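Read-outs: derived from the displayed coordinates by stated rules, not from any lab. Just so you know, these numbers come straight off a predicted model, no measurement behind them. Here the Cβ positions follow ideal geometry from the backbone for every residue, glycine too, while neighbour counts run over all protein chains shown.
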Amino acid sequence: MSGTNPIPQGCEHAIPHLVVQGASDAIDFYKNAFGAEEICRMPSPDGRLMHAEIKIGNSIIYLCDDFPEYCDGKSRNPKALGGSSCTIHTYVHDTDAAMQKALDAGANVKMPATDMFWGDRYGTITDPFGHDWSFATHVKDMTPEEMDKAAAEMFSS
């Protein structure tokens, strides 16, 4: 084996890999909504993206177009599946501003920004491609006991 690093720099952690219908449009949305930086894209002969990489903050995210012909004829994008079971979470300096930027770019609110019992201001959006994203700003340090008490109060109402 040569001196090639088996784990590329920046890829030392788990990397979400999103399947979308319209990966090129999704990259444009993520640039506008989240300030994503495009790292690369690899188009197939028909123009769909076999692979693309973006970076949001310090996080790498892979994405590709849906290729049902290689998945037993089944689509794997969230719109075809009726939603996504995964939410991509990020801490930001201002949850409300991050959500507004995503809304302005075409996302929909799934859960409005709210001060939560665990000390974060937290909200979620669904992007135009069916993926869910959550944003949080840590606003209050709390002990486990304080969180338990706040959770009990929240769930009792």
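Counting DSSP beta bridges in the chain, what percent are antiparallel, to the nearest 5?
Among the beta bridges of the chain, antiparallel pairing accounts for roughly 70 percent.
Residue by residue through segment 141-157, what is 3J(HN,Hα) from phi via Karplus (6.51 cos²θ - 1.76 cosθ + 1.60, θ = phi - 60°)? Round to whole Hz and write x for glycine and proline.
Once θ is set to phi - 60°, the couplings for segment 141-157 become 6, 9, 6, x, 5, 5, 5, 4, 5, 5, 5, 4, 5, 5, 6, 7, 8 Hz.
For segment 61-112, run through the trypsin sites (Lys or Arg not before Pro) and keep only the ones in DSSP coil with at most 16 other Cβ atoms within 10 Å of their Cβ.
On the way: sites: Lys74, Arg76, Lys79, Lys101, Lys110; in loops: Lys74, Arg76.
Passing both the DSSP loop test and the Cβ count: Lys74, Arg76.
Which pairs, out of Lys110/Lys140; Lys31/Lys101; Lys55/Lys101; Lys79/Lys110, put more than 21 Å between their alpha-carbon atoms? If you can, show how the numbers build up before the last one.
Working: Lys110/Lys140 23 Å; Lys31/Lys101 11 Å; Lys55/Lys101 17 Å; Lys79/Lys110 15 Å.
Lys110/Lys140, as the Cα separations exceed 21 Å there.
Under 14 Å from a point 7 Å along the Cα-to-Cβ line of Glu69: which residues of segment 28-47 have their amide N that close?
Residues 44-47 fall inside that zone.
As a check on your grasp of the helix formula, calculate [θ] at 222 nm for the chain: sum -39500 (n - 2.57) over DSSP H runs of n ≥ 4, divide by the residue count, round to the nearest 500.
Helix-only estimate at 222 nm: -7500 deg cm²/dmol.
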